[in-house]
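All remarks here apply to the structure that follows.
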Amino acid sequence: MKNIKQLLKFMKGNAFTYFMAMTAVFFATVTSLLVPVVIRYVIDDLIGGKNADASSWLATMTGRSLLGACLVIIGLTLLRGIFIFLKGWASALASERIAKKIKDQIMNHLQHVRYDFYSSHDTGDLIQRATSDVETIRKFLAVQIVEVVNIFMMVGVIAYMMYGMSPKLTLVALSLIPIIVSFSFYFFFNIKNKFKVCDEAEGKLSSVLQENLNGIKVVKAFGREPYEIERFEEVNSDLRNKVQKLIQSFACYWSISDLMCFSQIALVIIFGSIWCYEGSLTIGVVFAFVTYEGMLLFPVRILGRVLSEFGKSLVSVERISEILDTAQDNEDDGHLEPVIKGNIEFKGVNFGYDENREILKDINFSIKAGETIGILGPTGSGKSTLAYLMTRLYETTSGTIEIDGIDVKQVKKQWLRKHIGLVLQETFLYAKSIQENISIKHEDVNTDQIQKAAKVATLHHNIMEFEEQYDTVVGEKGVSLSGGQRQRVAIARTIMAPMPVMIFDDSLSAVDTETDRMIRSSLKKSYGDTTTLIISHRINTLAETDRIMVLENGRITAFDTHDKLVAQEGLYKRIWEIQNLVGLEDLGA
Ligand code: ATP
Ligand code: MG
């Protein structure tokens, strides 16, 4: 019921268009049902010369001539064509409008859901909901919904017209219909599972393909081509088998259903002929009945399908509602927009992505504005998580984070993110020009500003070596940037505007030590009074910061200057020894 309500909500604003479509369906039905009436008149009255009623509308319309009757039939068919066109046009218009509205709503919502939503939802699944689920609804709204009205109208009007001609033959003509309808229901409701199995197999096929194409470098580097081909062939044959079974089921259905339909027509012919022979019916009536029967059977046979499509659409509506019902970022947003200086304090912060596993445990520290802090810790110790919490991509489970003495929960998220620059560990670049990638956050920037940011990130001279310089397109169809170049584009993007707090999450891992040092010194020169947090595995980088936080297994195990940390036993000293002893400073922690 809830889903039907939601579907109606999606359809809101299209009542008039649907009304037009339904009216067109009504007239299309009436005009097509009038044709057998004319034919009956031709056979019985014009050719048979029986009980000719000179005042009937048919007599007037046809002028009591065969040619007139032909013209009336052609006219009715033409009118029917126009109404069918109007129906198609109106329902397509409405359904496309609704589909667009749903897609826009999903996109809009997805942009504003909380970030943690994405850790519990598969991207492929979300894409499917935003595309094929919407498509299921669109198809239902474009074709089926009008079809339902059409079928019920057809059945009602045909039964009424038949009854007017001969009540007893009507009984015969409708005798097998309940069986045909039940069979169609039975079939289409059972076939749903087979469709689902095929959909899943198809989804599997595309994910194998997608994974392969995305990871083609790994495939080639490890010589995994034969394995990949085999894996693809496996899912491909699985899909073929399942589709084959589906097609077989359909073949069975249509043949059995055909048999029943022809039996129904045969019954009409048999009883019609007998009663005709006895003189209680005319040939024209029997002919009209056979024509009506033909018109009636097809819609009746697909009734099951239409209703099962309706069921499918409701499932899609539910899947889309699941997205639209998730909480949005702004629902728990703060309201303050304070001037941010860059003092940061964590007070007893605990956090876990899910309830069962705590990632950060009792984190307490404070950083003064303008300090440069290094963060070291084994992989998985919670360094990136710490950075996410500061910008409220995730919320603390308990404890508070304060910025200049204000709880970050009271600060508007957008405001916070505007003032805390975070260079993410994983670089994402759009398939656009370097210039656009750098200035993505800002609308009205000039080339000077972009170049300045690129210079601070020591990327400028690299870019100038490209043929198209700042207009070089990055990504699949453009130039492939090296890992270090990509990281520096991401850095340039973040430092486009000076911010009171900047966090670099392992952002210099892919550049050599020399470049690393250059970037840091140019950052210091340009943004010296910014509170800077540098997450790194490189001791040389960390050694130059004011203080270093050591995170182990979600806890702070040390937080001191480089000199003090190398003087005491612990992770920092061990890594410092490894990286300096052998002179392999890039060894990593
Ligand atoms: P690295 O040095 O490898 O970048 P890290 O210290 O940055 O490691 P985090 O990314 O903060 O580590 O991850 C800390 C822990 O949280 C890891 O054990 C990881 O498995 C887990 N984790 C990270 N992201 C999620 C997530 N979205 N959902 C569930 N668990 C997560
Ligand atoms: Mg990390």
Exercise. Taking a cut-off of 20 Å between Cα atoms, list the aspartates and glutamates near LYS196, but don't count ones fewer than 8 places away on the same chain.
Key: ASP122, ASP125, ASP133, GLU135, GLU234, ASP238, GLU309, GLU318, GLU322
Self-check item: Residues TYR115, TYR470, TYR572 arranged by fewest to most Cβ contacts within 10 Å
Solution: TYR115, TYR470, TYR572
Quiz item: Which cross-chain or sequence-distant (5 or more) residues have an amide H under 5 Å from the amide H of LEU336, H modelled 1.01 Å from N in plane?
Solution: VAL411, LYS412
Self-check item: Label point 7 Å beyond Cα of ASP122 along Cβ direction - residues of segment 202-219 with amide nitrogen under 14 Å
Solution: 202-211
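With the alpha-carbon atoms as the only input, what is the per residue convex hull volume for the chain in Å³?
221
Taking the Cα centre of the chain as origin and charging only Cβ (+1 Lys, Arg; -1 Asp, Glu), how large is the dipole, in debye to the nearest 20? Spell out each step's value before the answer.
Details: 63 positive and 68 negative charges, 370 e Å.
Dipole magnitude for the chain comes out near 1780 debye.
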Self-check item: Dipole-positive endmost among SER509, ALA497, VAL566 within segment 441-589 (Cβ charges, Cα centre)
Solution: VAL566
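How large is the charge dipole for segment 158-220, taken about the Cα centre, if only the Cβ atoms of Lys, Arg (+1) and Asp, Glu (-1) carry charge, to the nearest 20 debye? Before the final figure, lay out the partial values.
Working: 7 positive and 4 negative charges, 16 e Å.
Approximately 80 debye in magnitude.
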Practice problem: Answer with one residue from TYR527, VAL35, ILE127: the one whose Cα lies farthest towards the positive end of the charge dipole of the chain, charges on Cβ with Lys, Arg +1 and Asp, Glu -1. | Solution: VAL35
Quiz prompt | Cα centre as origin, Lys/Arg/Asp/Glu Cβ charges: segment 189-258 dipole, Debye | solution = 120
Self-check item: Sorted by Cβ neighbour density within 10 Å, fewest at the top, the residues VAL349, VAL339
Solution: VAL339, VAL349
Exercise. Return a whole-number percent for the relative contact order of segment 120-278, with Cα pairs under 8 Å and 6 or more residues apart as the contact set.
Key: 34
Practice problem: Scan around THR530 for amide H atoms under 5 Å from its own, H built in the peptide plane at 1.01 Å from N, and keep only partners 5 or more places away or cross-chain. | Solution: none
Quiz item: Which listed residue (THR458, VAL208, PHE195) has the Cα farthest towards the positive end of the charge dipole for the chain, taking +1 on Lys and Arg C-beta and -1 on Asp and Glu C-beta about the Cα centre?
Solution: PHE195
Quiz item: Relative contact order, percent, of segment 193-337 when contacts are C-alpha pairs under 8 Å separated by at least 6 residues?
Solution: 19
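List the GluC sites (Glu not before Pro) within segment 398-457 that DSSP assigns to loop and that have no more than 10 neighbouring Cβ atoms inside 10 Å.
Details: sites: GLU402, GLU426, GLU436, GLU443; in loops: GLU426, GLU443.
Hits after loop and neighbour filter: GLU426, GLU443.
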Quiz item: Can you list the lysines whose alpha carbon is less than 21 Å from that of LYS220, not counting same-chain residues fewer than 8 positions off?
Solution: LYS477
Practice problem: Could you work out how far the C-alpha centroid of segment 210-235 sits from that of segment 129-149, in angstrom? | Solution: 36
Practice problem: Determine the alpha carbon to alpha carbon distance for each of LYS412/LYS524; LYS103/LYS312; LYS103/LYS409; LYS12/LYS204 and list only those over 25 Å. | Solution: LYS412/LYS524; LYS103/LYS409; LYS12/LYS204
Quiz item: Can you list the aspartates and glutamates whose alpha carbon is less than 16 Å from that of LYS413, not counting same-chain residues fewer than 8 positions off?
Solution: ASP116, ASP329, GLU331, ASP332, ASP333, GLU337, GLU395, GLU402, ASP404
Quiz item: Using Cα pairs under 8 angstrom and six or more residues apart, how large is the relative contact order of segment 313-389, in percent?
Solution: 21
Quiz item: What's the exposure ranking of LEU296, LEU8, LEU386, going from fewest to most Cβ atoms within 10 Å?
Solution: LEU8, LEU296, LEU386
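Coordinate-derived values only; no laboratory data. In this text the structure is predicted, and so the values were computed from the model without any measurement. Note: ideal-geometry Cβ built from the backbone for every residue, glycine included; neighbour counts use all protein chains shown.
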